[in-house]
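No value in this document is a laboratory result; all are computed from the given coordinates. What you see is a predicted model, and the numbers here were worked out from it, not measured in a lab. Don't worry about glycine lacking a Cβ; one is built from the backbone with ideal geometry, like all the others, and counts go over all protein chains shown.
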Amino acid sequence: TRASGSPVRRDDRMSAAAPCLRSDLSIIAQVYRGKESYVVKDVTAQKYFRFGKTEVRVMRSFDGRRTPAQIAEALASEGLRVSVQAVEAFARQMSSAGFLERSIVERSTLQMERLRAQRRTRQRPRLFRGEVLRMRWTFGDPDALLGRVLPRIRWMFTPGFIIASIVLFGIYLLLLGQHWGEFTAAFRSTYSWHNITLANAVTLWITAAAVILIHELGHGFTCKYFGGEVREMGFMLLYFQPAFYCNVSDAWSFPERRARLWVTAAGSWIQIDVASLAAIMWWAAAPGTLIADIGVAAM
């Protein structure tokens with residue numbers, strides 16, 4: 001027992017004996033807020049954890065062959081003085097987080113518990129995930145599909161596409177500046193409370209859904225382009241407004257800040273591209289036509 005009198009669990013005894021870090025964990029070095037840090041990616045659970053340099057150094061010494069006392073002695077010889085008690089406590093934390101290898105019995109038990117939880121979830125009827133104001137319906141795992149489509153749109157990740165986008169943005173601003181009165185008049189005549197019709201409302205919602213879907217795909221494809229995984233995508237009602245979502249949490253594991261920033265910016269970037277094309281379409285179309293209405297809705 002510990003000094004407090006609470007029993008020592010089996011995984012704690014294993015951690016104290018010879019802690020062994022899981023081989024399927026990914027440890028990625030990053031510069032975070034001006035300091036060197038590391039993101040540990042749990043591939044199985046699709047979770048991400050940030051640690052400091054010293055913590056990762058101790059973590060990497062968990063090789064399954066050395067006891068905490070031997071690890072502390074080895075680290076001291078390398079210039080890092082850590083007490084045996086600190087190594088043991090850190091090993092217990094890593095074990096509780098699921099970062100350490102488990103015995104066959106423990107892995108079997110964990111798998112059985114996971115299967116029971118999945119069975120309970122399937123048996124429990126659920127109309128949606130999340131909360132009432134953030135209801136989600138998942139489409140499943142889109143990673144393989146995005147991977148197959150990505151080679152066909154790699155041209156969108158070239159300097160030429162960036163330059164073309166900037167030109168489009170300029171055209172968008174120019175058209176809005178020169179025809180602002182016409183645009184606002186078209187918007188009021190179509191979508192004001194006094195003039196809106198069922199057909200116009202449907203056009204607006206379908207167009208908005210398409211633009212939002214393109215926005216989320218921009219995040220997803222960019223994450224894939226930089227080597228990440230996209231394991232969930234779906235539809236949601238955010239405060240009862242229709243929207244889509246795309247899980248690009250894997251971007252946290254990218255070592256380069258440039259890649260992480262592009263994943264964040266890609267959705268808005270491609271959305272403004274769509275708005276720019278819609279502005280050209282609206283400008284060229286005859287007023288009052290369906291094409292013009294779609295252009296106004298997209299803008």
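With +1 on each Lys and Arg Cβ and -1 on each Asp and Glu Cβ, how big is the dipole of segment 164-262 about its Cα centre, in debye rounded to the nearest 20?
Numbers: 6 positive and 6 negative charges, 28 e Å.
In debye, rounded to 20, segment 164-262 gives about 140.
Using a ≥ b ≥ c from the Cα gyration tensor of segment 161-257 (square roots of the eigenvalues), is it rounded, prolate or oblate, where a/c under 1.5 gives rounded and otherwise the larger of a/b and b/c decides, a/b for prolate? Show your work: numbers first, answer last.
On the way: a/c = 3.76, a/b = 1.50, b/c = 2.51.
Here segment 161-257 falls in the oblate category.
Need the list of lysines near Lys53 for cross-linking: C-alpha distance under 20 angstrom, and skip anything on the same chain fewer than eight residues off.
Partners within reach: Lys35, Lys41.
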